[in-house]
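Accompanying notes for the structure given below.
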Amino acid sequence: MSTVKNWQLGRDIAYPYDENRPKKQWAIVFDLNKCIACQTCTLACKTTWTSGKGQEYMFWNNVETKPWGGYPLAWDLRVLEKLGRQDWSANGEYLGKTLVEAAPPSERVLHWAPEDQDWMYPNIGEDDCAGGTVDGGGHMAQLPHDKWFFYLPRTCAHCTYPACLAACPRKAIYKREEDGIVLIDQTRCKGYGECVRACPYKKSMYNPWTRTSEKCIGCYPAVEQGVQPQCVVNCIGKIRVMGFINPPWSARADNPIDYLVHQKQIALPYYPQLGLEPNIYYIPPVHADPAYLEQMFGPRVHEAIERYRALPQDPVAAGLLCLIGSTDRILHRFKVERGIATGSDADGTELVSVPVTESIFERSAFDANLGVVRNNTP
Amino acid sequence: MKSPHIYRLLGGAALVSLLSTPGCGDKGTAPTAAAPGLPAAEPISELTVARVDADLSKPDPDASYWRSSAPGAITLIAQPMIAPRPALVTTEKLILQAVHDGKHVAFRLSWADPEMSEAGGLGQYSDAVALQFPFNNEKLPPVMMGGDGDPVHIFHWRAQYQHDAEHGKPDMASLYPNASIDMYAMEFHDAPGGSRDEREMFNPGVALGNPQSFHKTAVDEIVSEGFSTSAVQAGHGSDGRGVWKDGSWSVVVTRAMTIDGGSTLAAGGKSAVSFAVWQGGQAEVGSRKSLYMNWLPLTVAP
């Protein structure tokens, strides 16, 4: 067992392999305040990657309603229940055990193993509200709302310390040096399902037709071409952006992902206490139960929400949010100058440029040239 | 994380316990059921392969020639070396018989298993047994999967593979008969589909030629040079046939005595063998297995 640095927990953790960070690390940031659970990401992924035999039930990308939804069924509840109560210190250091640290000697990772029926309700709990019953009246009058739910889109987190990789006795899972994408070698995998058991986020899935386990591949063929994954570029709400994250000690303020995660600290990893250093990051919803959010995102979630609320006063942050969804290309750098947000490639080539505030044009309802009255229909 | 808040959200302990039915790999104690189907056997510390006048190229668990080989029992333990491993041994006793006809050698292996498991669906695992032979009969490799440059030759029977051999590789409709499937890309009921390559593109394991993704004979031949290195290789006509009855398996694995580039047994010669058993019903697969911790000396009758 090695000792490796986990910046999300503010301490070193135990892991079966040495620390070996990739040259670049694939990452996605999601703004949960914007997700409407249209499932366009889910279907973009489904039609691209999992339309084959044995993949019928697979959603490498899914969107579930929290707190009631979960694919597979109640995955987060069951993993948290296995781990038991753990605590954070007041300054954000994790005092509890990770899944590797809490594993019994006979296991590599403490886990919950799903059965097939657990996978069969991918949209259970959709739009179900938490916070008790409604007896009438203004229940949404203040923030945070006492009645709440939010949507959680999820892909593989291409963790820095993947549980799937740690658990595979065949060493058939590897993390790519060039972009940190975690892949199951489809020629080596023998379908033992150890990765399915071990991944707490349940993003490794067994294919009963090919008898191998499969998972989100981070759309690496697109990423190799400098293009963001299918779930990102098809997002109609423009809630997500894929890029490359640096650890905090080498973060760059002009890197979009570093800016949101490290500089502004408004995007957080989910269930970081599991110890895998997952690389999907969430801007938490402002209206949900704070205690629930703390369980999911850790104690820094409350400050993150406060900073998010202050974004309209920050032209750089507002500019970056305008860039999200404005190009299919991977943004390596961005800048905001004179009301224009510009994103560029790794070599500095400009990829996209958008105004932070859209111009407003006023015109009369009657068009004299055509002799018609225009309706203001979008 | 001051409190497990979601417990309150989900309405307390009753729902939690409803959702926390033990999953695969969490099934607790090892089976201890008596197995009336198991033959009586004395403990052995070496195994003699009796010569019989029969054709052993095909496995036959019920053949009369098995009376030529007195059943001997060995004790297995839970795989102890590498995680993940069973917390408890699930198969404590393995009963062995062995015969040869000068060209083929056959082993009949019997053990108690309270439920027959052929795998197939998600989270299901197959009953299985494996025999391991050294490449080098003079200097035995490390007994646990061989060593670097010191390979072992493994014959791996699975109930799942036998199902393939007898009934064909199950399709999705037989694995999940109530599932509704519209169509697959390049495969249509009433129109020409794509080429084989185009169809296989949607089945990664198949497209890349992973042996696991194809129709199996009952036995896989595997070469290994240590933990995590085992690889299925082209077979040499080995075969297997198992019968599960009254809470026990009786499985025959037959193989050629001489395999070029593999392990070899010679009439009148000596070698060694080791064993592993998996109980699919206990979610055993891969390194989760019961095994014989030593090489069992093997004497082949002239």
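The values are calculated or read from the model by the stated rules, or taken from the named source; none is laboratory data. All values reported here derive from a predicted model rather than from experimental measurement. A quick note on method: Cβ atoms are made from the backbone with ideal geometry, for glycine too, and the neighbour counts reach across all protein chains shown.
Out of A:Ala141, A:Ala130, A:Ala102, I need the residue that is aliphatic (A, V, I, L, M), farther than 23 Å from B:Arg288 by Cα and more than 9 Å from chain B (Cβ to nearest Cβ). Which one? Working first, answer last.
Numbers: A:Ala130 fails: more than 9 Å from chain B (Cβ to nearest Cβ); A:Ala102 fails: farther than 23 Å from B:Arg288 by Cα.
Only one candidate qualifies: A:Ala141.
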Matching entry among A:Gly275, A:Gly298 (being at pLDDT 95 or above, within 14 Å of chain B (Cβ to nearest Cβ) and buried (at least 24 other Cβ atoms within 10 Å of the Cβ)): A:Gly275
Residues (more than 7 Å from every other protein chain (Cβ to nearest Cβ) and outside any helix (DSSP H, G or I)) located in the range A:208-224: A:Ser213, A:Lys215, A:Cys216, A:Ile217, A:Gly218, A:Cys219, A:Glu224
Candidate set: the range B:120-133, residues that are more than 14 Å from chain A (Cβ to nearest Cβ) and among the hydrophobic types (A, V, I, L, M, F, W, C); chosen: the one nearest to B:Phe214 (Cα to Cα): B:Val129
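Among B:Asp246, B:Asp260, B:Asp239, which is the only one that is loosely packed, with under 15 Cβ neighbours inside 10 Å, closer than 27 Å to B:Asp60 by Cα and touching a Pro at 6+ places or on another chain (Cβ under 6 Å)? Give the derivation first.
Details: B:Asp260 fails: touching a Pro at 6+ places or on another chain (Cβ under 6 Å); B:Asp239 fails: loosely packed, with under 15 Cβ neighbours inside 10 Å.
When all the criteria are applied, what remains is B:Asp246.
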Residue within the range A:6-17 that is of a type in the set (S, T, N, Q), under 29 Å from A:Pro208 (Cα atoms) and outside any loop (DSSP other than H, G, I, E, B) present: no
Test set (1) over 22 Å from the mean Cα position of the chain (by Cα); (2) part of a loop (DSSP other than H, G, I, E, B); (3) under 18 Å from A:Cys195 (Cα atoms) - A:Ala90 fails condition number: (3)
Only listed residue being more than 12 Å from every other protein chain (Cβ to nearest Cβ) and either assigned to a loop (DSSP other than H, G, I, E, B) or on the phi < 0 side of the Ramachandran plot (or both), chosen from A:Glu56, A:Glu64: A:Glu64
Count of the range A:149-186 residues which are within 11 Å of chain B (Cβ to nearest Cβ) and either in contact (Cβ under 8 Å) with a residue 40 or more places away in the chain or touching a Gly at 6+ places or on another chain (Cβ under 7 Å) (or both): 5
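Restricted to the range A:67-94, and to residues that are of a type in the set (Asp, Glu) and within 22 Å of A:His111 (Cβ to Cβ), which residue is farthest from the other protein chains (Cβ to nearest Cβ)?
First, pick out the residues of the range A:67-94 that are of a type in the set (Asp, Glu): A:76, A:81, A:87, A:93.
Keeping just the survivors that are within 22 Å of A:His111 (Cβ to Cβ) gives A:76, A:81, A:87.
Working: A:Asp76: 8, A:Glu81: 6, A:Asp87: 6 Å.
Filtering the range A:67-94 for residues that are of a type in the set (Asp, Glu) and within 22 Å of A:His111 (Cβ to Cβ), the one farthest from the other protein chains (Cβ to nearest Cβ) comes out as A:Asp76.
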Given (1) in contact (Cβ under 8 Å) with a residue 60 or more places away in the chain; (2) buried (at least 17 other Cβ atoms within 10 Å of the Cβ), number of the condition A:Trp7 does not satisfy: (2)
Odd one out for A:Glu93, checked against (1) buried (at least 20 other Cβ atoms within 10 Å of the Cβ); (2) among the charged types (D, E, K, R); (3) at pLDDT below 95: (1)
Residue count for the range B:232-241, restricted to those that are within 19 Å of B:Gln162 (Cβ to Cβ) and part of a strand (DSSP E or B): 4
Boolean, B:Glu284 is part of a loop (DSSP other than H, G, I, E, B), at pLDDT 95 or above and within 21 Å of B:Gln162 (Cβ to Cβ): yes
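Residue by residue, here is whether (1) touching a residue at least 40 places away in the same chain (Cβ under 8 Å); (2) away from chain A (no Cβ under 14 Å); (3) under 22 Å from B:Val49 (Cβ atoms) holds:
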site: B:Thr91; (1), (2), (3): yes, yes, no
site: B:Asp101; (1), (2), (3): yes, yes, yes
site: B:Ala106; (1), (2), (3): yes, yes, yes
site: B:Ser117; (1), (2), (3): yes, no, no
site: B:His153; (1), (2), (3): yes, yes, yes
site: B:Gln160; (1), (2), (3): yes, no, no
Among residues of the range B:203-231, those that are under 24 Å from B:Pro84 (Cβ atoms), at the interface with chain A (Cβ under 7 Å from one of its Cβ atoms), outside any helix (DSSP H, G or I) and modelled with pLDDT of 95 or more, counted: 1
Selected residue (only one of B:Gly147, B:Gly168, B:Gly121 is closer than 19 Å to B:Ser230 by Cβ and surrounded by fewer than 19 Cβ atoms within 10 Å (Cβ to Cβ)): B:Gly147
Residue within the range B:134-143 that is more than 14 Å from chain A (Cβ to nearest Cβ), over 18 Å from the mean Cα position of the chain (by Cα), closer than 26 Å to B:Asp53 by Cα and in contact (Cβ under 8 Å) with a residue 24 or more places away in the chain present: yes
When residues of the range B:274-293 are limited to those that are in contact with a strand residue (DSSP E or B) (Cβ under 7 Å, 6 or more places away or on another chain) and surrounded by fewer than 22 Cβ atoms within 10 Å (Cβ to Cβ), the one nearest to the other protein chains (Cβ to nearest Cβ): B:Met293
